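What follows is calculated from the coordinates using simple rules that are stated; it is not laboratory data. Keep in mind that this is a model prediction, so the values were computed, not measured. Backbone-built Cβ (ideal geometry, glycine too); neighbour counts: all protein chains shown.
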Amino acid sequence: MRPPLAVLLLPLAPALTGCAVFEALGGMPYAEKTVTLPPAISGTTALDCVLSSVQSLRERNSFWMAVSRRDDGQGVLETGQYPESNLAGFRLRARVDEPRRQLRLQLKAGGPYYVDLGAKPGVAALAAAVDACLASPAPHDPPGSAAAR
């Protein structure tokens, strides 16, 4: 008689869930910054600035991941399947808080074996690029953005 599949897979459970647990306990290199939105900037324009900033950073560093989710109605932009665990690269979640006029940038920057790829300098570079875009008289709208349509 063969044991059920669940019994055979039980010893593998810690290994299969280990990365997710490690990340949930704070093992993923992480940094965040809050950017103040100028009064005339809409949430959509703020996300356009995040998108163009990420695209610019990707040109210089391949660890920056492409956009995987954008929801202007919710004021969210994510790169690199942000909620997933155990993915290497710079993964971003940008969330617009219109009432507070803030843009929250959350960056996961884990490499193989959760080596820090530079979470703090990465989020600082992103925030600086976003600030520059927001301060420009007409923020550069990336191709495919809501404002460019």
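Neighbours of Arg104 by Cβ distance under 10 Å: Lys/Arg scored +1, Asp/Glu scored -1, total +2. Extension gain for the segment Arg58 to Ala132, taken as residue separation times 0.36 nm less the Cα-Cα distance, is 25.0 nm to one decimal. Amide H contacts of Arg69 (H built 1.01 Å from N, in plane; Pro and chain starts excluded): Glu78 sit under 5 Å, all sequence-distant by 5 or more or on other chains. FRET efficiency for the pair Asn86 and Ala40, taken as 1/(1 + (r/R0)^6) with r the Cβ-Cβ distance and R0 = 30 Å, rounds to 0.15.
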